[in-house]
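What follows is calculated from the coordinates using simple rules that are stated; it is not laboratory data. No experiment lies behind these values; they were computed from the predicted model shown. As a convention, Cβ positions derive from the backbone with ideal geometry for all residues, glycine included, and neighbour counts pool all protein chains shown.
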Amino acid sequence: MIVSRRAGAAAAVALVAGAVFGPAAAGAAPGTASAHPHGHWRFDSSATTVTDVARVIGADKLWHAGSTGDGVGVALVDTGVVPVPGLRADHVVNGPDLSLDSVNGDARYLDTYGHGTHLAGIVDGIAPGAMLTSVKVGAADGAVDVSQVLAGLDWVVAHRNDDPRHPVRVVNLSFGTDGSQDYRIDPLTHAVENAWRAGIVVVVAAGNGGTAGALTDPAYDPYVLAVGAADTNGTVGSGDDVVADFSSRGSAARRPDLVAPGRSIVSLRDPGSFVDVANPTARVGDDLFKGSGTSQAAAVVSGAVALLLQARPELTPDQVKAALTRSAFRLPGGDGGQGAGELNLARAVAAPVAGAGQNWARSTGTGSIDAARGSAQLSVGGDVLTGENSLWGPFDAATWARASSAGTAWVGGRWMGHELAGADWHGTSWAGRTWSGLYWSGQTWSGLYWSGLYWSGLYWSGLYWSGGSWDGLYWSGLYWSGLYWSDQSWSG
């Protein structure tokens with residue numbers, strides 16, 4: 001269990017209702033508290049709030065200079081997002097649901113696991129002006145296959161400019177496997193590199209393997225921004241910060257690029273989700289939830305990148321990476337797992353980026369998708385997905401790699417010839433489908449979904465959660481300790 005501690009003089013301010021936190025609304029009078037005006041505050045001595053995180057990394061300095069992430073889209077390839085108190089309806093939009101839940105109309109697009117909503121609250125807390133696009137790949141139990149992540153990343157690249165007001169310039173990927181094939185042939189690294197070359201900063205969780213942990217796939221790709229977790233020791237100064245004990249240190253060949261606060265981070269609770277039901281001690285009041293891991297640290301960095309890109313919109317992904325690593329605060333103690341150091345956004349906004357181009361060998365993507373999975377394999381109904389197959393059929397890496405590089409893996413609602421996204425995505429624009437529209441009103445949230453059979457009957461307590469598919473190794477060991485979704489703990 002991750003145990004949080006807070007200095008008495010620096011007790012956390014946790015938002016119990018409304019937004020997690022954020023700068024004052026535009027036009028607020030000087031001296032107005034830096035919070036959304038509809039929020040209510042209370043003190044919680046065991047919480048590390050996003051407010052604290054913002055002060056640690058210097059995001060508050062950019063807010064005061066006018067940066068909120070406005071004009072920047074952030075794609076969250078994760079377990080979905082639910083419209084809970086604290087997320088503004090007009091700042092979240094759904095991409096396709098590529099998860100196993102997509103066949104269930106009540107669960108489609110929604111975060112029934114609880115991971116994506118927690119990260120969305122962190123990103124929105126750091127960059128409240130950014131537009132979040134949720135691309136759901138993980139199911140109610142977190143189950144996901146590499147092929148779903150490939151399809152999600154390809155979709156983001158293909159649709160990055162659909163919303164000209166908020167083009168997607170950041171992807172948060174708090175996902176990783178223990179696959180160890182050479183990054184120069186790995187399909188997953190090929191997908192993130194394609195996004196990077198398309199002008200999207202790909203922020204990847206380094207993994208929670210601790211001092212002996214190698215970086216997960218695709219964090220080990222040298223192009224992307226690999227993020228480890230820092231422990232702030234309950235203060236907002238960086239002088240006593242250390243690399244969190246659970247954060248993967250990597251190896252001499254590939255370390256995290258930098259670290260950001262990732263221990264005991266308070267963000268949005270997803271009531272009734274798997275992690276909420278399984279971890280009641282992680283709840284903070286009725287609306288919030290604590291989580292630790294490089295997942296949370298990556299979400300912090302994704303929000304920070306959105307702020308930086310509003311302030312310096314001309315930066316390329318390579319230049320963003322250079323600005324962040326060149327300005328990072330070097331933590332005392334010489335722990336190699338910190339990479340360049342702890343994120344310091346206040347310095348990054350003015351950091352030089354000359355000579356920032358990266359010239360690593362590129363991934364061809366022609367390797368084995370099964371090797372990219374590593375030891376974590378998707379099991380559904382007793383059937384294990386192995387070999388050179390995607391969730392939807394045979395997978396030819398060379399054919400996919402060419403299409404992914406060309407931006408043609410998606411055609412309408414079809415990925416590599418498989419109908420995945422449905423009729424809603426045959427068009428070229430999805431930007432109007434925000435939470436403020438009809439989609440998020442009506443029976444979905446006021447009727448059966450929250451109070452009836454779906455939450456109390458078969459889905460949560462019946463066949464879906466029992467039987468050979470969901471017991472044994474699948475629920476224990478490395479799979480749930482951070483190898484896939486990089487959350488280390490939900491209790492502090």
> Asp111's amide H: which non-local residues (gap 5+, or another chain) put their own amide H closer than 5 Å, with H modeled 1.01 Å from N in plane and none for Pro or chain starts?
Replying inline: Val81, Val82
> Put +1 on the Cβ of each Lys and Arg and -1 on the Cβ of each Asp and Glu in segment 322-423; which of Asn344, Pro394, Leu378 then has its Cα farthest toward the positive end of the dipole?
Replying inline: Asn344
> What list do you get for Trp63, Trp415 if you sort them by fewest beta carbons within 10 Å?
Replying inline: Trp63, Trp415
> What FRET efficiency do you get for Asp396 and Ala346 if R0 is 45 Å and r is their Cβ-Cβ distance, rounded to the nearest 0.05?
Replying inline: 0.40
> Got a sec to turn the phi values of segment 144-157 into Karplus ³J(HN,Hα) couplings, 6.51 cos²θ - 1.76 cosθ + 1.60 with θ = phi - 60°, whole Hz, x for Gly and Pro?
Replying inline: 7, 10, 3, 4, 5, 5, 4, 5, x, 5, 4, 5, 4, 4
> Leu215's amide H: which non-local residues (gap 5+, or another chain) put their own amide H closer than 5 Å, with H modeled 1.01 Å from N in plane and none for Pro or chain starts?
Replying inline: Gly250, Ser251
>> Give the separation of the Cα centroids, segment 349-376 to segment 154-197, in Å.
In response: 10
> Peptides 348-356, 242-250: what's the order by average Cβ count within 10 Å, highest mean first?
Replying inline: 242-250, 348-356
> For the modelled label position 7 Å from the Cα of His64 along Cα-to-Cβ, which residues of segment 304-324 have backbone nitrogen atoms closer than 11 Å?
Replying inline: none
> Separation between the Ala406 and Ala361 pseudo-spin-labels, each 7 Å from Cα along Cα→Cβ, expressed in nm?
Replying inline: 2.6
> Alpha carbon centre of segment 252-279 versus segment 332-346: separation in Å?
Replying inline: 19
> What FRET efficiency, computed as 1/(1 + (r/R0)^6) with R0 = 41 Å and r the Cβ-Cβ distance, is obtained for Ala212 and His418, rounded to the nearest 0.05?
Replying inline: 0.60
> Just the C-alpha atoms of segment 53-155: what Rg/Rh do they give, with Rh taken as the Kirkwood radius?
Replying inline: 1.02
> Can you list the residues, at least 5 places off or on another chain, whose amide H is less than 5 Å from the amide H of Phe246, using H built in the peptide plane?
Replying inline: none
> From the phi of every residue in segment 408-414, what ³J(HN,Hα) in whole Hz does the Karplus formula 6.51 cos²θ - 1.76 cosθ + 1.60 yield, where θ is phi - 60° and glycine or proline is x?
Replying inline: 10, 5, 9, 10, x, x, 10
> If you plug each phi of segment 294-305 into the Karplus form 6.51 cos²θ - 1.76 cosθ + 1.60 with θ = phi - 60°, what whole-Hz ³J(HN,Hα) values come out, in order, with x for Gly and Pro?
Replying inline: 6, 4, 5, 4, 4, 5, 4, 5, 4, x, 5, 4
> Which value, in debye to the nearest 20, describes the size of the charge dipole of segment 47-352 about its Cα centre when Lys and Arg Cβ atoms bear +1, Asp and Glu Cβ atoms bear -1, and nothing else is charged?
Replying inline: 820
